[in-house]
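Quick notes on the structure that follows.
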Amino acid sequence: MKADNIIFDFDESTKRLDEALNRFSEEQFNIVPFDESWTPGQVAEHLSMSEAGIPQLLLGSVRETERAIDEKETELGAIFLDFSTKLKAPEFIIPTNEPKKKQELINKLIDNRKTISELIKELDLSKTCTSFPFPEVGELTRLEWVYFMIVHSKRHVNQLNNIFQCMKAFN
């Protein structure tokens with residue numbers, strides 16, 4: 001993905017995520033749709049947890065990149081855009097079973113993404129972030145971290161759409 005397109009693609013992914021989450025009523029937001037599924041609220045909490053530290057990561061320690069700045073995009077896409085595989089979230093971003101307040105959680109998620117969107121415009125995306133290596137993949141450039149958020153949210157928008165269709169079929 002070219003750095004020129006990343007801001008548009010990121011903002012579009014935020015819009016699609018917001019739309020997917022707002023399709024659910026407050027009640028539906030906390031309903032488990034089928035066995036071994038998260039509620040829509042848990043999906044939102046997982047995304048919020050996984051993205052909460054991204055602004056600090058992007059602003060944190062970096063170094064010059066000694067490879068193509070988008071080299072790991074293919075690997076990230078292969079992991080997150082294969083909807084036929086079920087991925088296990090790392091322990092530190094597994095959502096709680098507590099009921100979620102829909103609008104409060106969506107606002108928190110979208111506000112953080114607005115902050116990230118501004119950082120994308122301001123920062124040199126070619127730099128490699130060194131403070132937190134991506135599990136199983138290693139250090140990512142700022143550009144690749146943004147790409148991760150895009151493909152990760154696409155995966156969960158797909159999940160939310162499946163949950164919505166399931167709930168619609170049973171109502």
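Please express the Cα-Cα pair-distance distribution P(r) of the range 94-171 as a list of whole percents, one per 5 Å bin, running from 0 to the bin with the greatest distance.
Whole-percent P(r) values from 0 Å outward: 3, 11, 14, 21, 20, 14, 9, 5, 2, 1.
Grab the eigenvalues of the alpha-carbon gyration tensor for the chain, scale each by 5, take roots, and send me the semi-axes largest first in whole angstrom.
Values: eigenvalues 169, 51, 42 Å².
In descending order, the three semi-axes are 29, 16, 14 Å.
Rounded to the nearest 500, what is the 222 nm mean residue ellipticity of the chain from helices alone, with -39500 (n - 2.57) per DSSP H run of 4+ residues and division by all residues? It would help to have the intermediate numbers written out before the result.
Values: 6 runs with 96 residues, N = 171.
For the chain, the value works out to -18500 deg cm²/dmol.
Quick check: the distance between the Cα centres of the range 67-92 and the range 104-123, to the nearest angstrom?
21 Å
Quick check: residue separation of Glu27 and Lys88 times 0.36 nm, minus the Cα distance between them. What number comes out in nm?
Using 0.36 nm per residue and subtracting the Cα-Cα distance, I get 19.4 nm.
Glu98 label point, 7 Å along Cα→Cβ, cut-off 11 Å on backbone N: hits in the range 11-55?
Taking a point 7 Å out along Cα→Cβ of Glu98, no residue of the range 11-55 has its backbone N under 11 Å.
May I ask you to derive the relative contact order of the chain, considering only C-alpha pairs under 8 Å and at least 6 residues apart, and to give it as an integer percent?
Worked out over the chain, it gives 40 percent.
For the range 136-171 and the range 5-47, what is the separation of their C-alpha centers, rounded to whole Å?
Cα centres, the range 136-171 to the range 5-47: 9 Å.
Treating only the Cβ atoms of Lys and Arg (+1) and Asp and Glu (-1) as charged, compute the dipole magnitude of the chain about its Cα centre; round to the nearest 20 debye.
So the dipole magnitude of the chain works out to roughly 360 debye.
Enumerate by residue number the GluC sites (Glu not before Pro) in the range 1-45 meeting two conditions: DSSP loop (anything except H, G, I, E, B), and at most 12 other Cβ atoms within 10 Å of the site's Cβ.
Answer by residue number: Glu26, Glu27, Glu36.
Which of the chymotrypsin sites (Phe, Trp or Tyr not before Pro) found in the range 80-128 are loop residues per DSSP with 13 or fewer other Cβ atoms within 10 Å of their Cβ?
For chymotrypsin sites (Phe, Trp or Tyr not before Pro) across the range 80-128 that sit outside H, G, I, E and B with at most 13 neighbouring Cβ atoms in 10 Å, the list reads Phe83.
So which of Lys121/Lys154; Lys88/Lys121; Lys72/Lys127 end up more than 25 Å apart, counting from Cα to Cα? Write down the numbers at each step before the final one.
Working: Lys121/Lys154 21 Å; Lys88/Lys121 32 Å; Lys72/Lys127 13 Å.
Result: Lys88/Lys121 exceed 25 Å.
Since every read-out is calculated from the coordinates, none of them should be taken as a lab result. If you're wondering where the values come from, they're calculated on a predicted model, not measured in any experiment. For neighbour counting, all protein chains shown are included, and Cβ atoms are generated from backbone atoms with ideal geometry for every residue, glycine included.
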